Structure formats: C-alpha cells, structure tokens
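These notes concern the structure reproduced below.
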Amino acid sequence: MIRKIIRAAMNMLEYELLEAEDGIEAFNILEERHQDIDLVLLDWNMPRKNGYEVLLDMKNDPRYAHIPVMMVTTEGDKMNIVAAVKAGAVNYLTKPFKVEELIGKVLECVGDEVSE
Amino acid sequence: MSDEGLLYLGKLCARAVLEVIETAAGIGMEIVDMDGEADASIMAIAALEAGESGVLTLRSDAATLRVLTSYMTGVPEADLDEEALYDCIHELMNMTVGLIKAEAKDDAFKFRMIAPFVVTGEHLHSLHKPRAQKHACRVASGDMFIELWLFF
C-alpha cells in the first residue's frame, strides 16, 4: 500500500521508481542499479530484512554508503527514527502522511540532482 | 482491563482512525451511532500486546475501501483490484496502531501489533465469549464506514 502511495507521488514528480517487496530484493536492486539511484526510501517493517537492517548494510558498503536514505515508519515508533538517523538516514517520514509531505521531503533529499 | 481503561482506549482508537483517514486520504469522517454491526465484507484483525493484551478489528466494505484506496494512492477506483483493498485496510490497521502507540499516555497501551491479517467474505460477524470485554465504535462519512471493535 505504501509503495502504491509513493509510486503515485513519484509519478507526479516524473521520477523513476524502483520497487522492492522486501529488504533482500532491495539489496538486489541496489547491486544492479546503484549508479542510477538518487534516494532510497525504506519502510522500517519489511519482510526478510527490515528497513533498518538494509540501512545499516548500505552504510557499511562503500558502493552504497553515499546514497541518501529516508526512513518511513509509523508515528508510534519514533525511537526507530532516532536509531535510523544515528545510523545515517538523512530524513524520515511518519505514517500517516500526506502526499505533499512525501513530495516535499523527497525534494529536500534530492533537489534537482536527479540522475538522467 | 478496567472499564475506564477500555473506554479511554476506545476513544483513542477512534481518534487514531479518524486522523489516519484524514491525513492519508484527505477524507473527514466522524464518529456515528451504532445500531448493531454494519454489514462488513472486509475485516482487518490484529492482536495487540503490551501491559494489556487484546484484539483490534477494523470492519468495512469494498465500497468504502475502494474510495479510501483511490484517494490514498491516486489510482482510479475502477483500476483497483481486490488485493489493493486488502492492502488498504491492512495499512489502515498498521497506521492506527502506530498512532495509538504514539498518543497513549499509559505504557500499558503502547501496543506491539502481532500477526495482522485480513478476512474477506459476506456479512462478516465477530463472535466472542460473553465474558470478554469489548468496545465498539463506528466512523463514517455518507455511506462509507469503518467499525472498530476492541476485545480484551
């Protein structure tokens, strides 16, 4: 559901969105397309490998450490936000969110520097 | 759980669902009177575990969820399959419990949600032991509705 909402927002921005159903698939996409990726949005709750684990692995891998990460989590898990920011996330979004808020935060993270 | 505690939690749940729908879908709903269970065809169920433990169900129908999903995702209603509606109520449950956890003053209500799942069918009813504590409320806008049932 969240991916559908994010997809709608990225369509409005005319950004290409690469989607993963779980943390393992996210890492597979990173391996294949990391040169094209300007921002990673991670939902904390993902099967197989959660968003926080993906964030830690990314920051420990020199191929991906430079890619900005924004965490998406529920309002009640604000301690997760602290952990994610300490681990290197550049921004966060708490659910529920308005699409405008998502778009604003994505633009904060990537600005006009989107890969061709 | 005390009756006061259940009433407090019921109000917290209702406010959470209203805020989730308002924020995520831009639709304002309000708490309405209940005269028995609404005719629900889709229900999200989750166990809640904290100092107190119980079950929360969100009951609704396809027509309501189709509108909410469309507003939340920008996908036209006609293009939504049933899976999208199930995802919607599942995510509504997730966000509602998250807000309850954020707003609850008492740690006993800072719930961990366990094994949420969705049930679909016709004329869904929730059955419970007479001794179970329960609290129910309905939020609605026009014909759209979501019922919240708490069981402890």
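Quick test of your reading of the structure: residue A:43 fulfils all but one of (1) open to solvent by less than 40 Å² (accessible area, probe 1.4 Å); (2) without any contact (Cβ under 8 Å) to a residue 40 or more places away in the chain. Name the failing condition by number.
Looking at each condition in turn, residue A:43 falls short on (2).
Which numbered condition trips up residue B:76, out of (1) at the interface with chain A (Cβ under 7 Å from one of its Cβ atoms); (2) more than 17 Å from residue B:146 (Cα to Cα); (3) touching a helix residue (DSSP H, G or I) at 6+ places or on another chain (Cβ under 7 Å)?
For residue B:76, the failing item is (1).
So which residues in the range B:99-139 are within 26 Å of residue B:83 (Cα to Cα), without any contact (Cβ under 8 Å) to a residue 12 or more places away in the chain and either part of a helix (DSSP H, G or I) or in contact with a Phe, Trp or Tyr (Cβ under 8 Å, 6 or more places away or on another chain) (or both), if there are any at all?
Scanning the range B:99-139 gives no hits.
Out of (1) surrounded by 16 or more Cβ atoms within 10 Å (Cβ to Cβ); (2) closer than 26 Å to residue B:81 by Cβ, what's the single condition that is false for residue A:11?
Of everything listed in (1) surrounded by 16 or more Cβ atoms within 10 Å (Cβ to Cβ); (2) closer than 26 Å to residue B:81 by Cβ, residue A:11 misses just condition (1).
With the structure loaded, tell me whether residue A:30 is away from chain B (no Cβ under 14 Å), more than 30 Å from residue B:109 (Cα to Cα) and either crowded, with 16+ Cβ neighbours inside 10 Å or among the polar types (S, T, N, Q) (or both) or whether it fails that test.
Spelling it out, residue A:30 is indeed away from chain B (no Cβ under 14 Å), more than 30 Å from residue B:109 (Cα to Cα) and either crowded, with 16+ Cβ neighbours inside 10 Å or among the polar types (S, T, N, Q) (or both).
Taking the conditions exactly as written (in contact with a Lys or Arg (Cβ under 6 Å, 6 or more places away or on another chain) and either open to solvent by less than 40 Å² (accessible area, probe 1.4 Å) or within 10 Å of chain A (Cβ to nearest Cβ) (or both)), does residue B:104 satisfy them or not?
Yes: the conditions hold for residue B:104.
Yes or no, residue by residue, for (1) on the phi > 0 side of the Ramachandran plot; (2) hydrophobic (A, V, I, L, M, F, W, C); (3) assigned to a helix (DSSP H, G or I):
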| site | (1), (2), (3) |
| --- | --- |
| A:29 | no, yes, yes |
| A:48 | yes, no, no |
| A:52 | no, no, yes |
| A:55 | no, yes, yes |
| A:63 | no, no, no |
| A:66 | no, no, no |
| A:73 | no, no, no |
| A:80 | no, no, yes |
| A:86 | no, no, yes |
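Looking at the range B:73-90 only, could you name the residues that are part of a helix (DSSP H, G or I) and either crowded, with 24+ Cβ neighbours inside 10 Å or not charged (D, E, K, R) (or both)?
B:73, B:78, B:84, B:85, B:86, B:88, B:89, B:90
Which residue pairs have Cβ atoms closer than 6 Å, lie 6 or more positions apart in sequence or on different chains, and pair a first residue in the range B:26-51 that is farther than 16 Å from residue B:69 by Cβ with a second residue that is open to solvent by 40 Å² or more (accessible area, probe 1.4 Å) and in a loop (DSSP other than H, G, I, E, B)?
If the second residue must be open to solvent by 40 Å² or more (accessible area, probe 1.4 Å) and in a loop (DSSP other than H, G, I, E, B), the pairs left are B:50/B:110.
Pick from B:36, B:51: which is more than 10 Å from chain A (Cβ to nearest Cβ), closer than 23 Å to residue A:78 by Cβ and either touching a strand residue (DSSP E or B) at 6+ places or on another chain (Cβ under 9 Å) or open to solvent by 30 Å² or more (accessible area, probe 1.4 Å) (or both)?
The match here is B:51.
Mind telling me which of the residues A:63, A:48 ends up being under 25 Å from residue B:92 (Cβ atoms), away from chain B (no Cβ under 11 Å) and open to solvent by 30 Å² or more (accessible area, probe 1.4 Å)?
Unique residue meeting the criteria: A:48.
Evaluate the range A:11-25: report whether one residue or more is within 14 Å of chain B (Cβ to nearest Cβ), free of Cβ contacts under 8 Å to residues at least 12 places away in the same chain and not in a loop (DSSP other than H, G, I, E, B).
Taking every residue of the range A:11-25 in turn, at least one turns out to be within 14 Å of chain B (Cβ to nearest Cβ), free of Cβ contacts under 8 Å to residues at least 12 places away in the same chain and not in a loop (DSSP other than H, G, I, E, B).
The values are calculated or read from the model by the stated rules, or taken from the named source; none is laboratory data. Model, not experiment: these values are computed from the prediction. Quick reminder, even Gly has a Cβ in these numbers, built from the backbone with ideal geometry, and neighbours come from all protein chains shown. Keep in mind that these areas ignore ligands, DNA and RNA; they rest on the heavy atoms of the full protein, side chains included. Shrake-Rupley method; radii C 1.70, N 1.55, O 1.52, S 1.80 Å.
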